[in-house]
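Working notes, structure below.
Just so it is clear, none of the values below were taken in a lab; they were calculated from the coordinates. Note that the structure is predicted; figures quoted are calculated from it, not measured. Every residue, glycine among them, receives a Cβ derived from its backbone with ideal geometry; neighbour counts consider all protein chains shown.
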Amino acid sequence: MTAHTQTDTAIARTERGLAIAGTRITLYDIMDYVIAQYPPKFIQALFNLTNEQIDAALSYIEKHRPEVETEYKTILKEAEELKQYWQERNRELFERIAAQPPKPGTEKARAKLKAIREKRASQV
């Protein structure tokens, strides 16, 4: 029987991958912010984690960095492939929706939106 540290038991492998035990927050969610070099307190507040949970997650990532980064890259690749699949699959639907005439009664809102877009474009 192998000894587990507090950090290792705070991280669990689920069907979604490595996650903080008792939550749906994966280490891959945390990795987005670790890679972007956000401070730990910001990440903790963003995900509403306890001190123990954020410490365990960051410690696990640091201790198993190569393994976590490999899985993280795989997750990002799969997410991009899914995004491309659904964009292609729904391309014709989006084109049909875009070609439809505006609904009656939305003229004022559309004019206001157009003015905001033009103003923003002129500022860039």
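What to note about this one:
- For LEU58, LEU82, the sequence from fewest to most other C-beta atoms within 10 Å is LEU82, LEU58.
- Each helix, a run of at least 4 DSSP H residues, gives -39500 (n - 2.57); summed and divided by the residues of the chain, these come to -23000 deg cm²/dmol at 222 nm.
- Where GluC sites (Glu not before Pro) fall in DSSP loop in the range 15-124, at most 14 other Cβ within 10 Å: GLU15
- Burial ordering of ASP55, ASP29, fewest other beta-carbon atoms within 10 Å first: ASP55, ASP29
- Seen through its C-alpha gyration tensor, with square-root eigenvalues sorted a ≥ b ≥ c, the range 61-118 comes out oblate because a/c lies at 1.5 or above while a/b is not bigger than b/c.
- Among THR26, LEU93, ALA36 - extreme Cα towards positive end, dipole of the chain, charges at beta-carbon: LEU93
- Segment ALA115-GLU80, extension gain: residue separation times 0.36 nm, minus the distance between their alpha carbons: 9.2 nm
- Here THR106 and ARG16 are evaluated by their C-beta separation; at R0 = 35 Å the FRET efficiency comes out at 0.30.
- With the gyration tensor restricted to C-alpha atoms of the chain, the semi-axes of the equivalent ellipsoid amount to 43, 20, 14 Å, longest first.
- Value of relative contact order over the chain, rounded to a whole percent, pairs C-alpha under 8 Å and six or more apart: 19
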